[in-house]
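Novice: Please read through the structure below; I'll follow up with questions.
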Amino acid sequence: DRGELTLKVPAPEGLLEINDPLSLETANHFIKRNHLPTEGAVAKKLQELGIEIASIHLIGSLKTARAEKQIPQGLLALDESWYNQQHDFELELEVTEAESGKQAFQTLMADLNIPITLAPNKIQRMMYTGYNNYLAKCSPDKSANSERKAEQCSYDTYQTYFNRMENWSDNKKSQAKW
């Protein structure tokens, strides 16, 4: 078992993934302390984007087990994911060219008689369910005491991030997973 820190950055076609491999011990250390490493490829990219690493807070976690098989069309990957009391699967075809990859995936799915469902990616699904779980636990009240105001601050941070993610998602619907 191993951990990985992944940053997904919008790119002209889909998302650019930047990864830092982590030991499970190191990953758990960062999760428990609610902060990111200040070194590595992810930290470097965040700095290039002008994002302060200290301003990023944990708002959810996602565990994925992946099975991969190289096929003529590309790398076929089946992801099994667990997040926020959810458990789901996602089939992906990783390719070097988006349009031919889309056609290859559609043909593969038709050959296997599997319907194609456009869906948010697994990180977005984790975010949506985490946000909904948060709302179920907390109904913010700005007129409450200071403890509640601290919770409101946490809610505002979550709400801001969720809105940014949803706006980005709306702008990228044409690049949804096939």
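The values are calculated or read from the model by the stated rules, or taken from the named source; none is laboratory data. Small disclaimer: the values here were computed from a predicted structure and weren't measured. Positions of Cβ are generated from backbone atoms using ideal geometry, with glycine treated the same way; all protein chains shown enter the neighbour counts. These area figures cover heavy atoms from the full protein model, side chains too; ligands, DNA and RNA do not enter into them. Shrake-Rupley method; radii C 1.70, N 1.55, O 1.52, S 1.80 Å.
Novice: When you look at LEU7, is it surrounded by 16 or more Cβ atoms within 10 Å (Cβ to Cβ) and either within 14 Å of the chain's Cα centre (by Cα) or at pLDDT 90 or above (or both), yes or no? Walk me through it before giving the result.
Specialist: On the way: surrounded by 16 or more Cβ atoms within 10 Å (Cβ to Cβ): yes; either within 14 Å of the chain's Cα centre (by Cα) or at pLDDT 90 or above (or both): yes.
Yes, satisfied.
Novice: If you check GLU94 against the conditions, is it under 19 Å from the mean Cα position of the chain (by Cα) and either of a type in the set (D, E, K, R) or open to solvent by 60 Å² or more (accessible area, probe 1.4 Å) (or both)?
Specialist: On the way: under 19 Å from the mean Cα position of the chain (by Cα): yes; either of a type in the set (D, E, K, R) or open to solvent by 60 Å² or more (accessible area, probe 1.4 Å) (or both): yes.
Considered against the rule, which asks whether it is under 19 Å from the mean Cα position of the chain (by Cα) and either of a type in the set (D, E, K, R) or open to solvent by 60 Å² or more (accessible area, probe 1.4 Å) (or both), GLU94 comes out as yes.
Novice: While we're here: Considering HIS35, HIS29, HIS87, which residue is out of contact with any Asp or Glu (no Cβ under 6 Å at 6 or more places or on another chain), in a helix (DSSP H, G or I) and either under 20 Å from GLY3 (Cβ atoms) or at pLDDT below 90 (or both)? If you could, list the steps in order and put the result at the bottom.
Specialist: Details: HIS35 fails: in a helix (DSSP H, G or I); HIS87 fails: in a helix (DSSP H, G or I).
The match here is HIS29.
Novice: Here is a follow-up. Search the stretch 1-19 for residues being in a loop (DSSP other than H, G, I, E, B) and without any contact (Cβ under 8 Å) to a residue 12 or more places away in the chain, and hand back the single one that is nearest to SER100 (Cα to Cα). Step through it out loud before you land on a result.
Specialist: Taking the stretch 1-19 and keeping what is in a loop (DSSP other than H, G, I, E, B), we get 1-2, 11-14.
Adding the requirement that they be without any contact (Cβ under 8 Å) to a residue 12 or more places away in the chain leaves 11-12.
Details: ALA11: 18, PRO12: 16 Å.
Ranking the candidates gives PRO12 first.
Novice: Would you be able to tell me the number of residues in the stretch 39-57 that are out of contact with any Ser or Thr (no Cβ under 9 Å at 6 or more places or on another chain), part of a helix (DSSP H, G or I) and of a type in the set (A, V, I, L, M)?
Specialist: Going through the stretch 39-57 one residue at a time, the tally reaches 3.
Novice: Looking only at residues in the stretch 97-125 that are exposed (fewer than 12 other Cβ atoms within 10 Å of the Cβ) and not polar (S, T, N, Q), which one is nearest to ILE59 (Cα to Cα)?
Specialist: Among residues in the stretch 97-125 that are exposed (fewer than 12 other Cβ atoms within 10 Å of the Cβ) and not polar (S, T, N, Q), the one nearest to ILE59 (Cα to Cα) is LEU118.
Novice: Of the conditions (1) out of contact with any Ser or Thr (no Cβ under 6 Å at 6 or more places or on another chain); (2) at pLDDT 60 or above, SER143 fails just one. Which one is it?
Specialist: (2)
Novice: Tell me which residues, restricted to the stretch 52-86, are more than 21 Å from MET126 (Cα to Cα) and not hydrophobic (A, V, I, L, M, F, W, C).
Specialist: Result: GLU52, GLU68, LYS69, GLN70, PRO72, GLN73, GLY74.
Novice: Scan the stretch 63-76 for residues that are more than 22 Å from LEU24 (Cα to Cα) and open to solvent by less than 50 Å² (accessible area, probe 1.4 Å) and jot them down. Don't jump to the end; show me each part of the working.
Specialist: Filtering the stretch 63-76 for residues more than 22 Å from LEU24 (Cα to Cα) gives 69-76.
Once the filter is applied, which keeps residues that are more than 22 Å from LEU24 (Cα to Cα) and open to solvent by less than 50 Å² (accessible area, probe 1.4 Å), the stretch 63-76 yields ILE71, GLY74, LEU75, LEU76.
Novice: Please state which one of GLY60, GLY130 is at pLDDT below 90, within 20 Å of the chain's Cα centre (by Cα) and part of a loop (DSSP other than H, G, I, E, B).
Specialist: Details: GLY130 fails: part of a loop (DSSP other than H, G, I, E, B).
From the options GLY60, GLY130, the qualifying one is GLY60.
Quick grid of which residues meet (1) touching a residue at least 60 places away in the same chain (Cβ under 8 Å); (2) exposed (fewer than 11 other Cβ atoms within 10 Å of the Cβ); (3) of a type in the set (A, V, I, L, M):
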| residue | (1), (2), (3) |
| --- | --- |
| PRO21 | no, no, no |
| GLU25 | no, yes, no |
| HIS29 | no, no, no |
| LEU36 | no, no, yes |
| GLY40 | no, no, no |
| LEU46 | no, no, yes |
| ILE51 | no, no, yes |
| ALA54 | no, yes, yes |
| GLY60 | yes, no, no |
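Novice: Would you pick out the residues in the stretch 90-122 that are assigned to a helix (DSSP H, G or I) and of a type in the set (Val, Ile, Thr)? Let's see the steps before the verdict.
Specialist: In the first step, residues of the stretch 90-122 are kept if they are assigned to a helix (DSSP H, G or I); the result is 98-111, 122.
Selection gives THR107 alone.
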